[in-house]
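A quick write-up on the structure given underneath.
The values are calculated or read from the model by the stated rules, or taken from the named source; none is laboratory data. Computed from a predicted structure; not experimentally measured. Note that each Cβ is placed from the backbone with ideal geometry, even for glycine, and that neighbours are counted across all protein chains shown.
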């Protein structure tokens with residue numbers, strides 16, 4: 001998420017809340033499964049609403065407002081040549097394609113770091129892997145309650161605007177993966193720097209951390225002190241984050257492998273690819 005922000009700040013801020021992340025993945029999966037011969041396939045408001053409401057990921061009003069937001073920011077556009085204004089088929093713009101490819105590549109790099117795999121190299125050699133894997137992973141993650149509805153220690157961040165971005169940044173600052181004095185520690189956390197880097201108000205940042213502090217999952221070294229900028233992190237928050245991320249990485253790894261197998265099978269049969277997912 002941090003890398004996405006560094007390259008595409010507007011998109012990263014837009015999808016840094018869990019609900020909008022789910023909507024984005026569903027919409028992009030619909031696009032990848034679009035059949036040019038079917039004008040009603042791909043991203044349409046009705047198709048996106050059907051998916052989101054089926055899994056209870058968002059309300060109809062939220063999904064409709066989100067599509068309007070994507071249009072306003074020119075992250076999606078009307079499909080060229082479409083005359084059906086009732087269903088209004090949409091497609092991602094180039095910046096959205098670039099951002100999603102960057103995000104997916106970063107996830108594969110993370111998996112490679114975990115098991116020394118060669119996913120990134122295979123992905124760069126054959127981009128079709130991404131086209132097939134993303135819809136598979138999106139469907140599984142949206143349907144999986146363990147990912148869709150993270151524990152309270154995580155949801156107090158990610159169900160808030162920009163919260164997913166701040167949570168990932170916070171975890172990247174932990175200095176000791178092994179507990180010390182019973183805690184994990186974050187050094188030199190300054191709201192002023194976070195506010196400046198991510199163009200967020202300090203009030204919003206303080207509110208995010210206050211919610212986690214109220215749960216007892218993090219706190220400042222000296223009670224009620226914000227001067228030493230040293231934050232302790234509970235083992236429970238670490239474990240919740242690890243379990244939640246593992247759900248995502250498992251779905252992505254399985255989707256990657258399924259995509260590779262389907263490509264190899266198509267080559268063996270010399271047939272045209274058939275999309276899978278929603």
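Looking at 101, 47, can you tell me which residue is part of a helix (DSSP H, G or I), farther than 24 Å from residue 160 by Cα, modelled with pLDDT of 95 or more and touching a helix residue (DSSP H, G or I) at 6+ places or on another chain (Cβ under 7 Å)? Don't jump to the end; show me each part of the working.
Values: 47 fails: modelled with pLDDT of 95 or more.
Only one candidate passes the filter, namely 101.
Against the criterion of being at pLDDT 90 or above and either outside any helix (DSSP H, G or I) or surrounded by 14 or more Cβ atoms within 10 Å (Cβ to Cβ) (or both), residue 23 qualifies. For residue 121, state whether it is in contact (Cβ under 8 Å) with a residue 24 or more places away in the chain and surrounded by fewer than 17 Cβ atoms within 10 Å (Cβ to Cβ). No: the conditions fail for residue 121. The listed residues are 136, 154, 129, 142, and the only one of them that is within 16 Å of residue 233 (Cα to Cα) and assigned to a helix (DSSP H, G or I) turns out to be 154. Entry remark, region 53-75: residues being assigned to a helix (DSSP H, G or I), without any contact (Cβ under 8 Å) to a residue 60 or more places away in the chain and farther than 18 Å from residue 9 by Cα number 10 in total. Test residue 172 against the criterion of being modelled with pLDDT under 95 and closer than 20 Å to residue 14 by Cβ, and give yes or no. So residue 172 fails the test.
Could you check region 167-177 and list, in sequence order, the residues that are in a helix (DSSP H, G or I) and exposed (fewer than 13 other Cβ atoms within 10 Å of the Cβ)? Answer for region 167-177, where residues must be in a helix (DSSP H, G or I) and exposed (fewer than 13 other Cβ atoms within 10 Å of the Cβ): just 172.
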